[in-house]
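The structure under discussion appears below in the form of structure tokens.
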Amino acid sequence: MAIIIEGTPSATSIKNTNDYRIREIPCDYADVDKRNNGYFDPEVEIDGNIYCGYYMPLYYDNEIIGMTFAGQLKETVTGAANSIIYTFVTIALIVVVVFSLVALFVGKRLIDSVRAVGVSVNALAQGNLSRQKTKKSVIREMIQLLNETGQMQENLSDVIGQVKDVSCRLVNDVEEVTV
């Protein structure tokens, strides 16, 4: 931080390698009237070091009498920005991996459930009316579909059993009438 009056820092907290306060901080007054709200300069050279700095004009009786400066070593700003970027990229990669694993797990379970339904329907198509072994599923609709397919097999088995009974009785009745 520094307060610059008439081109010279009157107060500064910026120190050099010998721990002395730096008294030369560049400040461009040429376009200061156009920059009433302050301005950012990413390449401020102070004592051989590059700073990212922000300048803000100081007013007295509506007249600019100086500037305030707030700056940070560019390597520190760049290092912090890179650290943040690496952290976000790492977090993003971890999230992508976790979601991929969850999607694979759920997909595998869904495929297993669909295959189980396919086996039950295929058994019906083949004429096998015995209830197939039902598999567990994490998806409520798949559980319902598996249960209803099993129920359909049982109902068809019951209907065919009743048809067999009726046809046996019919055959017996026809034999009695013909005898």
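The values are calculated or read from the model by the stated rules, or taken from the named source; none is laboratory data. Remember, predicted model here, so these are calculated numbers, not experimental data. Using ideal geometry, Cβ is built from the backbone for each residue, glycine included, and neighbour counts are taken over all protein chains shown. Accessible surface is based on the protein model in full, side chains and every heavy atom, while ligands, DNA and RNA are left aside. Shrake-Rupley method; radii C 1.70, N 1.55, O 1.52, S 1.80 Å.
Structural remarks
- Here r is the Cβ-Cβ distance between TYR59 and SER13 and R0 is 22 Å; the resulting FRET efficiency, rounded to 0.05, is 0.50.
- Nonlocal Lys pairs with alpha-carbon distance under 19 Å, the chain (8 or more apart, or different chains): 4
- Using alpha-carbon coordinates, inclination of helix 74-125 to the longest axis of the chain, degrees: 10
- Using a probe of 1.4 Å, the accessible surface attributed to LYS108 totals some 120 Å² when neighbouring protein chains are kept in position.
- Computed from the C-alpha gyration tensor, the three semi-axes of the ellipsoid equivalent to segment 140-179 are 38, 4, 4 Å, from longest to shortest.
- Probing with 1.4 Å while keeping every protein chain in the model, the per residue accessible area of the chain equals 73 Å².
- Among VAL98, VAL163, VAL89, residue whose mean-square fluctuation peaks in a GNM of the chain (springs only between Cα atoms under 10 Å): VAL163
- The residues SER120, SER167, sorted by heavy-atom accessible surface at 1.4 Å with ligands and nucleic acids left out, run SER167, SER120 from largest to smallest.
- Sites VAL114 and ARG169, calculated FRET efficiency, Cβ-Cβ separation with R0 30 Å, nearest 0.05: 0.10
- Value of [θ]222 nm, deg cm²/dmol, for the chain, DSSP H segments ≥ 4, -39500 (n - 2.57) each, nearest 500: -19000 deg cm²/dmol
- Surface accessible to a 1.4 Å probe, ASP47 within the full protein complex, Å²: 90
- Largest to smallest accessible area among TYR54, TYR86 [probe 1.4 Å]: TYR86, TYR54
- Compactness of the chain - radius of gyration and Dmax, Cα, Å: 41.9, 133
- Accessible surface of segment 33-128 [probe 1.4 Å, protein heavy atoms]: carbon and sulfur percent: 64
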